[in-house]
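To start, the structure itself, in structure tokens.
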Amino acid sequence: MGAAGGIIAPDRILHDMADLWVTLGKQGEGDAGVLRACSMTLVVAAEESDDAQAIGETLAALMPEHPSRAIVIRFRAEDQRGLAARVFAQCWMPFGHRQQICCEQIEITAADASLPDLAAVVLPLTVPDLPVILWCRSPRLFHLPPFSQLAGIAQKVVLDSAAFGAAASALRQMSDMRGMRGAVAAGSLLADLSWTRLTRWRELIAQIFENRAQLANLPLVSDILISYRAADTPATAYYLAAWLIDGLARVGARPRVQFHSDSGEPSARLSRVELRAHGSADAIASIALAAGPCAEVKTGGLVSKALLPVLTDYDLMREELSIPGRDPAFEHALAAAAKLALS
Amino acid sequence: MSLENPFQDPLRFERRVPECAMVIFGANGDLTKRKLLPALYRLAYERRLDAGFAVLGISRTPMTDDQFREKMLASVKEFLEDSPFDADVWTAFAQGIFYMAGNFDDAALFPALDARLKEIDAARHTGGNVLFYLSAQPSQYIPIAQGVAAANVGKGSGWRRIVIEKPFGHDLASAQKLSAELHSAFEESEVYRIDHYLGKETVQNILALRFGNGIFEPLWNRRYVNHVQITAAESIGVEGRGAYYQEAGALRDMIQNHLSQVMATIAMEPSATFRPDSVRDERSKLLRSIRVMKPDEVLQNTVSGQYGPAHIGGEDVPGFREEPGVKPDAQTDTYAAVTFFVDNWRWAGVPFYLRSGKHLPKRVTEIAIQFNAAPLAIFNGDETTTAPNLLILRIQPEEGISLKFLSKRPGSGMKLRPVSMDFNYGSSFGERSPSAYETLLLDAIIGDATLYTRQDMVEASWTVVDAIQHVWDEAKFDFPNYAAGTWGPKAADDMLARRGHVWRQP
């Protein structure tokens, strides 16, 4: 619904959205009508070549838990200025088809050259009094100088260092951004989906050491072994190592870290983590990917299985959108991982 | 100095769960099969339990560990409801499931149990922590608790907790006796009286709604609230449990425990902290503030009902007295409605109507808070233009919250119509809500008793209910007084009509 040519006016988009709600209201059955739900503005910056359908499906899946006004900006590498927009709604029927809930979505296509114009368009489109989250799916966009204006609108910028190329360089860039020397505005929060991918691994490790018998072994850890299915060490491996080293330091352990590239289909996924004590044949604890979506957890002679499926964009964003504030564990791990990767 | 786990990240991780073994007395029973094992498996699936978590089932039937595992596997698959089943996760979880046969009255059972727990602890590092779950007949609670105490079962380096299911006695005196005998074996802080209603997400959400938001609490008092209705309706009858049910009745079975606890959660004062004792103190204070009816007030403020036969959906439904095992002249209440008043400054004069019944038109549990109407009707029109605001908290089947208010109809003129703003718990948060048993079992393992009932609460609610039950026991009701499939006896409508109110039809 709604379209424009080379320039777009925020008022026009807002007007189109108001029309959209009127139309949806008329479509509602009887007195049930539609409900509008919103907990944030979610701005998605993507390349035009990015899979539009996949982005749409991810947003649709996120809406029930994180209802938001979604603004999807699709960039094309063109020197000539040009913007276009359309608005539509994502709706679902949670009440046994009694009443539908809808979230609004705005799609903007923009030439790179129009990037300096975008912040002025997006700012009035954000929902008042609610947080603005920017999910940047392309590292190329992030390096375009005017991108900082767009990022400046957001309280939180979500990136994926896995898309930035070599892990060491990616982590350094991320760390610099956090140091407010880069594109992320002062005061904005930063998130890295490479860190988000680690949550289930980290939680399994933490759960192992809730057991007092296992916790007592923690100061004995002398070696950390991290394996992954990739030729080069991915950012997730550095994050995990940095986080483990930090935790172990708090109980007086100073372990060595070994990274190991596993055979198997390259996917940049972690495949195994082991904590070992010097001179002991068995690991104090290990987690290894097993067949299917499971991981095998070994500790204290016990073997258990836990689900550790490949996470989708939806899984990762769902977690990140649940954390609107600071994440001190990530901030600490980012700085330490960057140092580790560059050492 | 003891070590702290340095890997915890409360921002992203779920709550910390200690290692433990859980002993289920009555492991061959329905509750274990339908609720406990599916809930425990689900917790394992969600990676919420320690890797060495162990279950030791006990009942009379001789079985090996493997036979018990097979039986539990079948139950988990059948009763997992809306959750996926993963064979690998089950296989690993089942390694921690054990079984021993025994008679709870046999003193020799308990030293053997202690020895078995020690073996399990050595193999699975359960830290000496033991959660005893009594999924047995109430008459067996005391023999079990005293057997555990006499043999010092599980007494060592870890903690011991005991979970018991209702009924917590059948009146005040028996509840006090049960408590005293339990306390001879366990401290009150080790006794977890489970009320699965309190584990439901919406009941917990009442606390979030009331004490997490600034806009509701100022309205939550006698000045703005006209009355409160709490309904727990079941569409089924006694389903073969007639013999048991005729000794209990709706007042004892539902109002004394579940609905009183829900009422306490709705009406309690804000607690200073969210620590278990702080929340439970407030809930207890509220229960103790419910006015105890004098004998001559009982029949005016309560209604006892019993369903009669009916023809529903092409099917003949027998009346309660025609159910197997029920006496043909049974005076059991399959329906109970009561009007409670809370004698404190916040609620003085506000009626709380509680009703529960079997064979009502639908299965629904909800709380309806009706606010006072606008003081002046300035819009001309029918009675809908002065319809009061209602806040509905739905507990089951669709957990959620609705606010009903008036809105102008589009068009010329000032015509109003009621509209409803709905928040559906399941669909507003894409995540599956944990079942009440998942929540409560995890709380017991963690040692969080917030959602469990304390003895002083049990005694307070029995005090109120006993006053009613004594009068009912003396009366001879003209049963049946409502047909199955209807909303209960007419007397229940009359009870509200005397104060100018009507039951909401959920």
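Readers should treat all values here as calculations from the given coordinates under stated rules, not as data from a laboratory. Quick caveat: nothing in here was measured; it's all calculated off a predicted structure. Counting neighbours? That spans all protein chains shown, and the Cβs are built from the backbone with ideal geometry, glycine included.
A few comments on the model shown:
- A cut-off under 12 angstrom between Cβ atoms defines the neighbours of B:Trp90, and their net charge, with Lys, Arg +1 and Asp, Glu -1, is +1.
- Highest-first arrangement of B:439-449, B:318-328, B:78-88, B:221-231, where packing means the average Cβ count within 10 Å: B:439-449, B:221-231, B:318-328, B:78-88
- Relative contact order, percent, chain A [alpha-carbon distance under 8 Å, six or more residues apart]: 14 percent
- Segment B:434-466 and segment A:311-343: distance between their alpha carbon centers, rounded to Å: 38 Å
- Proximal lysines to B:Lys362, defined as alpha-carbon separation beneath 22 angstrom and excluding residues fewer than eight positions away on the same chain: B:Lys200, B:Lys404, B:Lys490
- Partner chain coverage, peptide A:212-219 - average Cβ within 10 angstrom: 5
- Local electrostatic count, B:Phe186, Cβ distance below 12 Å [Lys/Arg +1, Asp/Glu -1]: 0
- Farthest toward the positive end of the dipole of segment B:1-83, out of B:Asn28, B:Leu49, B:Thr64, is the Cα of B:Asn28, where the dipole comes from beta carbon charges about the Cα centre.
- Pairwise centroid distance, computed over Cα atoms, of segment B:275-336 with segment B:56-133, Å: 36 Å
- Entries in A:Lys298/B:Lys35; B:Lys358/B:Lys415; B:Lys35/B:Lys177 that, when Cα-Cα distance is taken, lie over 31 Å: B:Lys358/B:Lys415
- Top positive-direction residue, dipole computed over chain A with Cβ charges, set A:Phe147, A:Ser161, A:Leu134: A:Ser161
- Take each residue of peptide B:80-89, count the partner chain Cβ atoms within 10 Å of its Cβ, and average: the result is 3.
- Prolate/oblate/rounded call for chain A, Cα gyration tensor, a/c under 1.5 rounded: prolate
- Magnitude of the charge dipole, chain B, Cβ model with Lys/Arg +1 and Asp/Glu -1, debye to 20: 1340 debye
- Multiplying the residue separation of B:Val502 and B:Thr463 by 0.36 nm and removing their Cα-Cα distance gives an extension gain of 11.3 nm.
- Built amide H within the under 5 Å cut-off of B:Trp159, gap 5+: B:Asn129, B:Val130
- Of all aspartates and glutamates in the structure, those lying under 20 Å Cα to Cα from B:Lys77, and not within fewer than 8 positions of it along the same chain, are B:Asp30, B:Glu46, B:Asp65, B:Asp66, B:Asp86, B:Asp88, B:Glu438.
- Listed residues B:Ala484, B:Phe186, B:His227: farthest to the positive end of the dipole of chain B (Cβ charges): B:His227
- DSSP beta bridge pairing in the protein assembly as shown, given as percent antiparallel to the nearest 5: 55 percent
- For the pair segment B:189-239 / segment A:142-173, the C-alpha centres are spaced 46 Å from each other.
- Test item: Cα-centred dipole of segment B:126-251, Lys/Arg +1 and Asp/Glu -1 on Cβ, debye: 260 debye
- For segment B:39-83, the alpha-carbon coordinates run over 32, 25, 14 Å along the three principal axes, in decreasing order.
- Taking 12 Å as the cut-off, no amide N atom of segment B:320-338 comes nearer than this to a point 7 Å along the Cα-to-beta-carbon line of B:Glu474.
- Full extension of the chain between A:Ser280 and A:Arg140 gives 45.7 nm of extra length, using 0.36 nm per residue less the Cα-Cα distance.
- Eligible lysines near B:Lys408 by straight Cα distance, threshold 23 Å, same-chain separation 8 or greater: A:Lys26
- Segment B:32-176 - share of DSSP beta bridges that are antiparallel (%, nearest 5): 0 percent
- Divide the volume of the convex hull around the Cα atoms of segment A:266-343 by the residue count and you get 171 Å³ per residue.
- Spin-label pair B:Asp277-A:Thr312: with each label point 7 Å from Cα along the Cα-Cβ axis, the two points sit 4.8 nm from one another.
- Cut-off 14 Å between beta-carbons: net charge of the residues surrounding A:Ala341, Lys and Arg +1, Asp and Glu -1: -1
- In degrees, nearest ten, helix A:10-27 long axis to first principal axis of chain A (Cα): 90 degrees
- Cα gyration tensor category, rounded, prolate or oblate, for the protein assembly as shown with a/c compared to 1.5: oblate
- Simple point charges give the picture: +1 on the Cβ of Lys and Arg, -1 on the Cβ of Asp and Glu, and for the protein assembly as shown a dipole about the Cα centre of about 1120 debye.
- Estimated from helices alone, the mean residue ellipticity of chain B at 222 nm is -9500 deg cm²/dmol (sum of -39500 (n - 2.57) over DSSP H runs with n ≥ 4, per residue).
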